[in-house]
Amino acid sequence: MGDGVSAALDRVESALGHRFANKDLLRRALIHRSYAAEEGVDESYERLEFLGDAVLQLSVTHFLFNEYPELTEGQMAKVRAAVVNERTLAELARTMDLGPLVLLGRGEDLTGGADKDSILSDVVESLIGAIYLEAGFDVASAIVLERWVPIVRDRATAPGEADYKTRLQEMLARLGLRPRYEITEEGPEHAKVFTASVFADGRELGSGVGTSKKRAEQAAAAAAADTIAE
């Protein structure tokens, strides 16, 4: 394996937060069918993609089931559909700069395959499948949730769903209190993640994360409302 290929695989592993013992498995997760056809490779990433999709769906579903007991089956299905889709997966792939690392056939490469949502989303799922095969469900699910929890919380507390900030303000008003929010942020400009903490009467009631300040505050308010309700 050449130094250039090794460096590329290292970048993928760093982006995922997982070091592969089986580098061939990692490489297979990046092989598009056009490259496999041109280079005479036996298998592309498509089977791994199929497996990774199942791991992703189950991981997000399990998180929604445990973290949002107030959501109905239909609401959980809507949130999951909003976060496990081609566009969201492709956006995540771009934050990890996966496009240049996908192995494409010459024709697919010339037509911009490295930045196609369909290919980028497939590669994210294939990498999840590869991690599952090598390290098992718990490791793969943890890596999924590390990246998807902020997105899930965004959608679960999005406008049109429950307005947790208003609900919390009303709950605290009955106690003669008012909420105060503190915000921190991290990550590059194109992929910032915000963390909000909400306080009342000198006590932290809850915290939450989101891809905007507003959504982080909604997630924090939801956690605080649960704390008060208990």
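Shown is the FRET efficiency for Ile183 and Thr95, computed with R0 = 30 Å from the Cβ-Cβ distance and rounded to the nearest 0.05: 0.90. Putting +1 on Lys and Arg Cβ atoms and -1 on Asp and Glu Cβ atoms, find which of Ala229, Ala173, Val209 reaches farthest to the positive end of the dipole of region 164-229. With unit charges placed on the Cβ atoms, the residue in question is Ala173. Annotated for the chain: lysine pairs at least 8 residues apart or interchain, Cα distance under 26 Å, count 12.
For Thr195, Thr227, the sequence from fewest to most other C-beta atoms within 10 Å is Thr227, Thr195. Only Lys, Arg, Asp and Glu carry charge here, each on its Cβ (+1 for the first two, -1 for the last two); on that basis the chain has a dipole of about 760 debye about its Cα centre.
Ordering Leu101, Leu120 by the number of other Cβ atoms within 10 Å of each residue's own Cβ, fewest first, gives Leu101, Leu120. Modelled spin-label separation between Ala173 and Gln75, with each label point placed 7 Å from Cα along the Cα-to-Cβ direction: 2.1 nm.
May I ask you to list the GluC sites (Glu not before Pro) in region 1-95 that are in a DSSP loop and have at most 13 other Cβ atoms within 10 Å of their Cβ?
Filter output for region 1-95: Glu43, Glu70.
Karplus-derived 3J(HN,Hα) values for region 139-148, using 6.51 cos²θ - 1.76 cosθ + 1.60 with θ = phi - 60°, are 5, 4, 5, 4, 5, 4, 5, 4, 9, 9 Hz; glycine and proline are entered as x.
Roughly what angle does helix 164-173 make with the longest principal axis of the chain, taking Cα atoms, 0 to 90 degrees, to the nearest 10? Rounded to the nearest ten degrees, it is 20.
If you fit an axis through the alpha-carbon atoms of helix 73-83 and take the longest principal axis of the Cα set of the chain, what angle between them do you get, 0 to 90°, nearest 10? It is inclined by approximately 50 degrees. Put in order of Cβ neighbour count within 10 Å, fewest first, the listed residues Asp97, Asp53 become Asp97, Asp53.
Relative contact order of the chain, taken over Cα pairs closer than 8 Å and 6 or more residues apart, is 18 percent.
Bear in mind that the values in this text are calculations on the coordinates, not laboratory data. What you see is a predicted model; the values in this text were computed from it and never measured. Backbone-built Cβ (ideal geometry, glycine too); neighbour counts: all protein chains shown.
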